[in-house]
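What follows is a single structure, written as structure tokens, with notes after it.
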Amino acid sequence: DTGVSQNPRHKITKRGQNVTFRCDPISEHNRLYWYRQTLGQGPEFLTYFQNEAQLEKSRLLSDRFSAERPKGSFSTLEIQRTEQGDSAMYLCASSPPPGLGKEGGYTFGSGTRLTVV
Amino acid sequence: AQSVTQPDIHITVSEGASLELRCNYSYGATPYLFWYVQSPGQGLQLLLKYFSGDTLVQGIKGFEAEFKRSQSSFNLRKPSVHWSDAAEYFCAVSGGGYNKLIFGAGTRLAVHP
């Protein structure tokens, strides 16, 4: 169990540029979640996948945001035409499927800190 | 609407003192409740969770929490705080063990020697 891996750890970009983050979940976990955390706030839910299907998207996820999870493995979160308000920590988490006695076993990555200048 | 309120933004305690962090939730159904801890620049580590059964839940690092349905609360406690407990603490609620988590704004804990 190598944990949830997120890359890059830090990203500085100019306003208007596109950025993409990657999350590698724990291999046997079938659910994958993205959250955004701004300074002094708790994480806010963005979207989640069960296998390759995107099952829910928050209204926080504007049209500039898109997430994918091809083949139900790693996931990417892309932000197009970044704005200064997008500056935040983007956290990824994964959880195991039901039936393994691991209900509530969310594992979080260390996050990608995005700074838009 | 689902929500979590952590009334205390910052708390400072002396090392060795007891600690209680407050959490109130709003949820229409039976809540699944969690406490996480986050150190600077790090991800979230689960301290404990409550789904059902005994309303007093024991977690890691000597923490415990008590679920009180009548007060919609899930307060976190520790009898004796260590300097290494300084961090940010988040309470969260979910509709199940595999659903999205709704987090509170967090309580930042400082520990004086």
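The values are calculated or read from the model by the stated rules, or taken from the named source; none is laboratory data. Quick caveat: nothing in here was measured; it's all calculated off a predicted structure. With ideal geometry, Cβ positions are generated from the backbone for all residues, glycine too; neighbour counts draw on all protein chains shown. Just the protein is used for accessible areas: all its heavy atoms, side chains included, with ligands, DNA and RNA removed. Shrake-Rupley method; radii C 1.70, N 1.55, O 1.52, S 1.80 Å.
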Once both labels are modelled 7 Å past Cα along the beta-carbon direction, what's the B:HIS10-A:LEU55 spacing in nm?
4.0 nm
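Taking 41 Å as R0, compute the FRET efficiency from the Cβ-Cβ separation of B:ALA1 and B:HIS82 and round it to 0.05. Please list the in-between numbers first.
Details: r = 37 Å, r/R0 = 0.90.
My answer for the efficiency is 0.65.
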Please list, ordered by chain and number, the residues whose modelled amide H lies under 5 Å from the amide H of A:LEU46; skip anything fewer than 5 residues away on the same chain.
A:TRP34, A:TYR35, A:ARG36
Give the distance, in whole Å, between the Cα centre of the range B:9-85 and the Cα centre of the range A:48-69.
29 Å
Report the antiparallel proportion of the DSSP beta bridges in the protein assembly as shown as a percent, rounded to a multiple of 5.
90 percent
May I ask you to give the percent of accessible area on the protein assembly as shown that is carbon plus sulfur, with a probe radius of 1.4 Å?
46 percent
Accessible area in square angstrom per residue, the range A:20-117, 1.4 angstrom probe:
45 Å²
In debye to the nearest 20, the charge dipole size for chain B, taken about the Cα centre with +1 at each Lys and Arg Cβ and -1 at each Asp and Glu Cβ, equals 240 debye
How much of the DSSP beta bridge set in chain A is antiparallel, as a percent to the nearest 5?
90 percent
Where the centroid of each part is defined by its Cα atoms, how far is the range B:86-111 from the range A:23-44 in Å?
13 Å
Accessible area buried at the B-A interface, both sides summed, 1.4 Å probe (Å², nearest 100):
1800 Å²
Given +1 on the Cβ of Lys and Arg, -1 on the Cβ of Asp and Glu, and no further charges, what dipole in debye does chain A carry about its Cα centre, rounded to the nearest 20?
400 debye
Can you tell me the FRET efficiency between A:LYS102 and A:GLN80 if r is taken as the Cβ-Cβ distance and R0 is 25 Å, rounded to the nearest 0.05?
0.10
Subtract the Cα-Cα distance of B:ALA110 and B:SER70 from 0.36 nm times their separation in residues, and report this length gain in nm to one decimal.
11.4 nm
Sum up the charges of everything whose Cβ sits under 14 Å from the Cβ of A:THR82, counting Lys and Arg as +1 and Asp and Glu as -1, but leave A:THR82 out.
+3
Can you list the residues, at least 5 places off or on another chain, whose amide H is less than 5 Å from the amide H of B:ALA17, using H built in the peptide plane?
B:VAL81
